[in-house]
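Right, one structure below, let's go through it.
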Amino acid sequence: MEHALTAHGLRKRYGDRAALDGIDLQVPAGTIHGLLGPNGAGKSTAVRALATLIDVDAGDVRVAGLDVRTQARQVRKRIGVVGQHAAVDEILGGRQNLVMFGRLYGLTAADARRRADALLDQFDLTDAADRAVATYSGGMRRRLDIAAGMIVRPAVLFLDEPTTGLDPRARAEVWRGVREVAQQGTTVLLTTQYLDEADQLATDITVLHHGRVAASGTPDTLKRRIGGDRVSLTLAAGEPLEPLADRLSRAVGAPATVDADARRVTVEVDAAVTALAAVVRTLDDLGITPEDLQLRRPTLDEVFLALTDKEAGR
C-alpha cells in the first residue's frame, strides 16, 4: 500500500461554517505526517472524519485502502485513535488498562496480557505497570494512552495534540514513543499546535488554515518557501543599528532588517559559511562586538505566520 491515508476534496460543514473546505491529503505508509494549524483550523475535524467518528459531507477519503463512507467498520479495525484527553482509567494500573483495552478489542485474556506486557516494555512503563495511573506523571499517562491506541497494531494511528500541557521532558518522552511506533511500520497522523514538535517528528507536513490546505511538503521545503538561512546579530544598547545594517547589506549582497526593540539586525544569506565570514569581517572593521551572533534557518513558526498572514491579506 503506497499511501495509508488519502483525501481528495474532503468537506465537512457545521451549519454555515465550513470546518473542512475541500482539503487534499496524501500520507505515505509507514511515515509520520504532521497536520498543523491554529485552533479552529480544522485539524481535529479532519482526524474525526478520517477515523470515521463523524460523517463526511463530500470527498473521496480512504484509510488503509478502505473507503471511510462505505467501509467504516473495516476502517475502525485498522486504526488507533489517541485524542487530546486521556482515555485511560486512573484507578486501574497501567497493565490493567492495557489488558482491558485488549479485551474490548476482542483479544483473548492471554493475548491481551501478552500484548499489554509488550507495550509496557516498548513505552518504558514496566516498572510502573501495577501502579494506579493516578500516580503517573503527565508524560507517563500520555505514553500509556498511545500504548492503548496501539493495542491491536493498527495500520494507522491518529494522534490529536498528544503533548498539550506537558513539560519539555515529558514531551521528549512522548516523542520517543511516537518515533518507535512509526519505526514498527504504523503510519502516524499527528495534529499539533507546536510547530517544533512537527519539525522534530514529521516526514511531511500539511498546514491547515480556515479549513483549507495553506501549504504542504517536508519541513525543509516549507522553510525554503520564506527564504534561506539568516544571520542575526544582537547589539548592546548604544551601538548604532542602521549603519551596521547598511554595511552588512553591502557586504553580503542582501537586504538587512532592523528590529530596534530587540536591538537586532538580521540579513538573509545564500552561502551561509561565506556570508558568515563577511559578517565577521564587517563587525571587525567597525569595531563592534555583538552580544549575540546566530546563523539559523527559518523556523516552522515563521513559515506558518508567513502563510497565514498571506492568506489573511496582511
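None of the figures in this text is laboratory data; all of them are computed from the coordinates on show. Just so it is clear, the structure is predicted and the values come from calculations on it, not from any experiment. Virtual Cβ from ideal backbone geometry, glycine too; neighbours counted across all protein chains shown.
Okay, here's what the table says:
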quantity	calculated
Theoretical gain in end-to-end length, residue 73 to residue 301 [0.36 nm per residue, Cα-Cα removed]	78.3 nm
Over segment 147-198, relative contact order from alpha-carbon pairs under 8 Å, at least 6 apart, %	48 percent
Ellipticity estimate at 222 nm from DSSP helix runs (n ≥ 4, -39,500 (n - 2.57)) divided over the chain, nearest 500	-11500 deg cm²/dmol
Beta bridges per DSSP with both ends in the chain, % antiparallel, nearest 5	65 percent
Summed residue charge, Cβ within 9 Å of residue 124's Cβ, Lys/Arg positive, Asp/Glu negative	-1
Cα centroid separation, segment 119-160 to segment 1-64 (Å)	26 Å
Projected label distance in nm at residue 13 and residue 153, using a 7 Å step from Cα toward the beta-carbon	4.4 nm
Average Cα contact separation per residue, the chain, under 8 Å, 6 or more apart, as relative contact order %	19 percent
Extended-chain gain in nm, criterion 0.36 nm per residue less alpha-carbon gap, residue 110 and residue 53	17.5 nm
Normalised contact order of segment 228-297, rounded percent, pairs of Cα under 8 Å and 6 or more residues apart	49 percent
Sites residue 135 and residue 167, calculated FRET efficiency, Cβ-Cβ separation with R0 22 Å, nearest 0.05	0.80
